[in-house]
Amino acid sequence: MKLKTINGNNINKHLEGKILICRGKINMDELELIIKKIEDNIDSDDFEMIMIECIDDIKSNYNQLDSVQPLLQLVERNPLTYFGSPGEIVHFVETFYKKGYEEKLISSLKRMPTVHTIWMLHRIINGTDNPEYYLNLLKQISENKYYDKEIREEAAHFLIYALNHWFYNRI
């Protein structure tokens, strides 16, 4: 974005490297560059530190619900990657719990479930009084032969755990 001068000062130099949010919309190109940095370093020994730095940047400059989907897509592209327990991505996206995060997670799970997003769904199930829809989604994932065996097993594990937990808490 090229801006002219204000009071004779070159605004472009001042804004260089800064995040621009216009009318409440985030600059998705800048956000994608940060996410690419995370992805490019998945196999790095410094992955955890790089992820923390990048998510801190996202928290500071892109703290909006619109940031959730690109992060979930990162996880989708890396379905068996360990992103932490729960990790920086989960801590960030869960700040939008009951503000639209759940719908974005469900869409992600329908596109490409991963070990990490299944675990994230489990965390939602633990916080709801009506888990039937979510449990059904876990069941569908666990039975879908298209998905990697580890992903199906993770879904089955959390389905059994959630059913037992839900059942025993209602007795």
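The values are calculated or read from the model by the stated rules, or taken from the named source; none is laboratory data. Small disclaimer: the values here were computed from a predicted structure and weren't measured. Glycine gets a Cβ as well: all are built from the backbone with ideal geometry, and neighbour counts include every protein chain shown. Calculation scope for accessible area: heavy atoms of the full protein, side chains included, ligands and nucleic acids excluded. Shrake-Rupley method; radii C 1.70, N 1.55, O 1.52, S 1.80 Å.
Partner aspartates and glutamates whose Cα lies under 20 Å from the Cα of K98, excluding those fewer than 8 positions away in the same chain, are identified as D66, E88, D129, E132.
For region 31-74, GluC sites (Glu not before Pro) are listed when DSSP marks them as loop and at most 14 other Cβ atoms sit within 10 Å of their Cβ; the list is empty. Listed by chain and number, the aspartates and glutamates whose alpha-carbon sits under 18 Å from that of K145, ignoring those within fewer than 8 places in the same chain, are E76, E153, E154. Quick check: at a probe of 1.4 Å, how many percent of the accessible area of region 56-98 sits on carbon and sulfur atoms? Here carbon and sulfur together make up 46 percent of the probe-accessible area. For Y133, the solvent-accessible surface with a 1.4 Å probe is about 110 Å², rounded to the nearest 10. Between S60 and D129, the FRET efficiency from the beta-carbon distance, with R0 = 25 Å, is close to 0.10. To the nearest 0.05, what FRET efficiency results for T95 and K145 with a Förster distance of 35 Å applied to their C-beta separation? That pair, T95 with K145, gives E of 0.50. Checked against a 22 Å cut-off, the cross-linked pairs K36/K104; K59/K104; K110/K139 all give Cα-Cα distances at or below that limit.
Given R0 = 45 Å, the distance between the Cβ atoms of E32 and H157 translates into a calculated FRET efficiency of 0.85. Measuring between their Cα centroids, region 24-83 and region 97-171 lie 23 Å from each other. Length available on full extension from N136 to N41: 0.36 nm per residue minus the Cα-Cα distance, which gives 30.7 nm. Across q = 0.10, 0.13, 0.15, 0.17 Å⁻¹, region 44-161 modelled as identical point scatterers on its alpha-carbon atoms has Debye log10 I(q)/I(0) values of -0.29, -0.49, -0.65, -0.82, in the order of the q list.
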